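Asker: Just dropping this structure here.
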Amino acid sequence: MELILIILVVAVLVIGTVGLGFVATRRRGRDLELESDAKILDRAGVDLDSDTHDAGPVDGTVDDAVDDAVVEAEPEVRTDDIIVKPSFFERLGKARSAFAGYLGDLVGMSRVDDEAWEELEEALIRADIGVQTSMSLIGDVQAKAKETKAEDGKQVLALLKERMHVELADKDRSLRLDDDTTNVWLVVGVNGAGKTTTIGKLGRRLVNEGESPLMAAGDTFRAAAAEQLGTWAERSGAEFVRGSEGGDPSSVIFDGVQAAAARGCNVVLADTAGRLQNKANLMDELSKVRRVADKDPGEVTEVLLVLDATTGQNGMSQAKVFTEAVDVTGVVLTKLDGSAKGGIVFAVESELGIPVKLVGLGEGADDLVDFEPTEFVDALFE
């Protein structure tokens, strides 16, 4: 009996020793695993003493926590301040399609006869290039074709493209901004052409170029004009001056020039009324505005006529009213991207004798760009 008891005691002791060894082995393995996890988290920049770590990752494993930490450490990339210049080719799709439709039949012609020449001239007129300008262009192309013995359609179109390049070349399209004076840029045009928006975009552009513009709300007869211009000024960082609704526009421009000189602004962007109900009154008002703006310390260095490109030839009669009232120095063609009649550029420069300086190629704040004649003509043909 005693022998049996001794055997039982020895068995219990052996089993207990093996069990304890197994538990210890598991515990050491778990400690090594936790140590490994801790090193990984420490390398990832995770605070081991934080409540978040103690709670453990909710939706991921340790590897997920490492990936999240690395991603959060990457710098944020901002693209909203990057200004991408719009492409003439991309934005003139409507004008190019219309132009190709007018001239497409010429491509396959082995010989351009008299009838084809007449149709080509009519095509230019339909593209809103204007009657006189179209006749002049075709006359020159015919003479060049005869001189170079160009007969087929492709050769004639190449000569036309070259002649259109020449028509728009060698014109001063720069915006005048003199040193040591308070420049005044008067912006004129009919209501709805986009004067106020043009001033807003010009102000943003000038600020981006390091200039100090002041916007003067000289259109005191359109209720929303001053509010709209004020919003543009606030967003672009330009100074702003307005008058009372229905007040004298000349007084607002005068106050704008004085304020610009006092605040160190080198250019005043002056909005003006665009009412055409009475031609004589409009001309008198604009003439007065210009005289006032040209008084010391102000100097009118640009008078920009804003035209809506989608109106085509219908806008030319309106344009002539403004050119008679003030000495226009340049044209801004808005909504050129939405017009199928890009030929209006030629009509403006030929009939008004004024260079197109800026064009609108979209509704974005940075879509008012310098007019590039070479890119423009190439975009119509390519």
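Asker: From the list VAL289, VAL252, VAL267, exactly one residue is under 23 Å from VAL326 (Cα atoms) and out of contact with any Pro (no Cβ under 6 Å at 6 or more places or on another chain). Which is it?
Answerer: After ruling out the rest, the residue left standing is VAL252.
Asker: Moving to a separate point now. Assess whether GLU227 counts as being charged (D, E, K, R), assigned to a helix (DSSP H, G or I) and under 30 Å from the mean Cα position of the chain (by Cα). Steps first, answer last, please.
Answerer: Values: charged (D, E, K, R): yes; assigned to a helix (DSSP H, G or I): yes; under 30 Å from the mean Cα position of the chain (by Cα): yes.
Yes: the conditions hold for GLU227.
Asker: Looking at segment 292-312 only, could you name the residues that are outside any strand (DSSP E or B) and acidic (Asp, Glu)?
Answerer: Of everything in segment 292-312, those that are outside any strand (DSSP E or B) and acidic (Asp, Glu) turn out to be ASP294, ASP296.
Asker: OK, next. Anything in segment 186-209 that is among the hydrophobic types (A, V, I, L, M, F, W, C) and buried (at least 24 other Cβ atoms within 10 Å of the Cβ)? List them, or say none.
Answerer: Of segment 186-209, the ones among the hydrophobic types (A, V, I, L, M, F, W, C) are 186-188, 190, 193, 199, 202, 206-207.
Selection gives LEU186, VAL187, VAL188, ALA193, ILE199, LEU202.
Asker: Could you tell me which of the residues ASP248, ASP271, ASP308, ASP296 is modelled with pLDDT of 85 or more and loosely packed, with under 15 Cβ neighbours inside 10 Å? Write out each step before concluding.
Answerer: Details: ASP248 fails: loosely packed, with under 15 Cβ neighbours inside 10 Å; ASP271 fails: loosely packed, with under 15 Cβ neighbours inside 10 Å; ASP308 fails: loosely packed, with under 15 Cβ neighbours inside 10 Å.
Of ASP248, ASP271, ASP308, ASP296, the one residue that is modelled with pLDDT of 85 or more and loosely packed, with under 15 Cβ neighbours inside 10 Å is ASP296.
Asker: Restricting attention to segment 230-245, and to residues there that are buried (at least 17 other Cβ atoms within 10 Å of the Cβ) and out of contact with any Phe, Trp or Tyr (no Cβ under 7 Å at 6 or more places or on another chain), which single residue is farthest from ALA365 (Cα to Cα)?
Answerer: Looking at residues that are buried (at least 17 other Cβ atoms within 10 Å of the Cβ) and out of contact with any Phe, Trp or Tyr (no Cβ under 7 Å at 6 or more places or on another chain), I get GLY243.
Asker: Now for a separate question. Can you find a residue in segment 210-220 that is closer than 20 Å to ASP294 by Cα, buried (at least 24 other Cβ atoms within 10 Å of the Cβ) and either touching a residue at least 60 places away in the same chain (Cβ under 8 Å) or of a type in the set (S, T, N, Q) (or both)?
Answerer: Within segment 210-220 (the criterion being closer than 20 Å to ASP294 by Cα, buried (at least 24 other Cβ atoms within 10 Å of the Cβ) and either touching a residue at least 60 places away in the same chain (Cβ under 8 Å) or of a type in the set (S, T, N, Q) (or both)), the answer is yes, since at least one residue qualifies.
Asker: Tell me, please, whether a residue that is among the aliphatic types (A, V, I, L, M), in contact (Cβ under 8 Å) with a residue 12 or more places away in the chain, touching an Asp or Glu at 6+ places or on another chain (Cβ under 8 Å) and closer than 27 Å to MET316 by Cα can be found in segment 159-179. Break it down stepwise before answering.
Answerer: Looking only at segment 159-179, we keep the residues that are among the aliphatic types (A, V, I, L, M), and these are 159-160, 164, 166, 168-169, 175, 177.
The next check asks that each one be in contact (Cβ under 8 Å) with a residue 12 or more places away in the chain; those that pass are 159-160, 164, 168-169, 175, 177.
With touching an Asp or Glu at 6+ places or on another chain (Cβ under 8 Å) added as a condition, the list becomes 168, 175, 177.
Of the ones still in play, those that are also closer than 27 Å to MET316 by Cα are 168, 175.
So far as segment 159-179 goes, yes, one or more of its residues are among the aliphatic types (A, V, I, L, M), in contact (Cβ under 8 Å) with a residue 12 or more places away in the chain, touching an Asp or Glu at 6+ places or on another chain (Cβ under 8 Å) and closer than 27 Å to MET316 by Cα.
The values are calculated or read from the model by the stated rules, or taken from the named source; none is laboratory data. Since the structure is predicted, the reported quantities are computational estimates derived from the model, not experimental observations. Heads up, the Cβs are rebuilt from the backbone with ideal geometry, glycines too, and the neighbour counts pull from every protein chain shown.
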